[in-house]
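Colleague: Shown below is the structure under consideration.
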Amino acid sequence: MGKRVAVVLAGCGVYDGSEIHEASAVLVHLSREGAQAEVFAPNISQMHVVDHVKGQPMPEQRNVLVESARIARGNIKDLAQLDVKELDALIIPGGFGVAKNLSTWATQGKNCSVCREVEDVLRAFHAAQKPIGLCCISPVLAAKLFPGCEVTVGHDTECEKWPYAKTAESLRELGCKHINSHVTEIHVDPRNRLVTTSAFMCNAPIHEIHDGIGNMVREVVRLA
């Protein structure tokens, strides 16, 4: 029987939820590896809703679980129902929803808090020594909860290719060790059983981001 992997989403859309291409790549590569994806999201309100054409907030409210169901094609559960004993690994794709809905990183940076349900799930997988895969901005969750862990969000020098490179310094300020990597590469922290890759932290062709996520997924499944 294939490994059962929890995939936690943060909404639907890069600017206020999960990055759709990253979430889809995770699901595609889990399928390719013969793993069974079980999709979850917290039943909470989004921080805000962003017009993805204008890049501006809109005067409406949306629910993270309801929006995440769009990506999961309706096959999704409330994160509060997740039982770590029934699962082999955890993966959290990126997108601004990680920094806005799963945590307050977008507004508070290194002084952020993590959504209680998300923190409980991450700590449960960590305590059970089950692998955790994180891509794009989601490694900030591990940096906040597991001091001294090793992660990558790509490079630490800002440029056109790496527009979010300052994130690496914030991770170091939390006591985390940041490892520079290329977009198709992953970093494995064997002590904490974390597997990370930069994904859309890099301004790279989408196939390279897809390949990096594939490498992350394969390693997570192998460790499980």
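The values are calculated or read from the model by the stated rules, or taken from the named source; none is laboratory data. For clarity, every value in this text was computed on a predicted model and none was experimentally measured. Neighbour counts are summed over all protein chains in view; Cβ atoms, including those assigned to glycine, are modelled from backbone coordinates with ideal geometry. All accessible areas refer to the heavy atoms of the entire protein, side chains included, with ligands and DNA or RNA removed. Shrake-Rupley method; radii C 1.70, N 1.55, O 1.52, S 1.80 Å.
Colleague: Quick one: give the max-minus-min coordinate of the C-alpha atoms of region 70-160 along each principal axis, largest first, in Å.
Modeller: 41, 32, 21
Colleague: With a 1.4 Å probe and every protein chain kept in, tell me what percent of the accessible surface of the chain is carbon plus sulfur.
Modeller: Values: 4730 of 9960 Å².
Accessible surface attributable to carbon and sulfur in the chain totals 47 percent.
Colleague: Sequence-distant or interchain residues sharing an amide H contact under 5 Å with residue 133, placed H: which?
Modeller: Amide H to amide H, under 5 Å and 5 or more residues apart or across chains, residue 133 pairs with 90, 91, 92, 195.
Colleague: Using a Gaussian network model of the chain with C-alpha springs under 10 Å, which one of 152, 197, 104 is most mobile by mean-square fluctuation?
Modeller: 104
Colleague: Next up: When each pair of different Cα atoms in the chain is counted once in the 1/r mean, what is the Kirkwood radius in angstroms, to one decimal?
Modeller: It works out to 16.9 Å.
Colleague: Sticking with this structure for a sec: Hey, in the GNM for the chain with a 10 angstrom Cα cutoff, which one of 198, 45, 103 fluctuates hardest?
Modeller: Taking springs between Cα atoms under 10 Å, the residue moving most is 45.
Colleague: Another one. For region 17-83, what is the Kirkwood hydrodynamic radius in Å, using each pair of distinct C-alpha atoms?
Modeller: Values: mean 1/r = 0.0757 Å⁻¹.
That comes to 13.2 Å for region 17-83.
Colleague: Please compare each pair in 3/144; 54/166; 3/54; 77/166; 77/161 to a cut-off of 29 Å on the Cα-Cα distance and tell me which ones are over it.
Modeller: 3/54; 77/166; 77/161
Colleague: So if we plug the beta-carbon distance of residue 177 and residue 116 into 1/(1 + (r/R0)^6) with R0 = 30 Å, what FRET efficiency do we get, rounded to 0.05? Display every interim value, and only then the final one.
Modeller: Working: r = 27 Å, r/R0 = 0.88.
After rounding, the FRET efficiency stands at 0.70.
Colleague: Determine the per residue accessible area of the chain with all protein chains present and a 1.4 angstrom probe, expressed in square angstrom. Could you put the intermediate results ahead of the total?
Modeller: Working: 9960 Å² over 224 residues.
Ligands and nucleic acids excluded, the figure is 44 Å² per residue.
Colleague: Moving to a separate point now. Whose amide H sits under 5 Å from the amide H of residue 39, counting only residues 5 or more places off or on another chain, with H placed in the peptide plane?
Modeller: Correct list: 7, 77.
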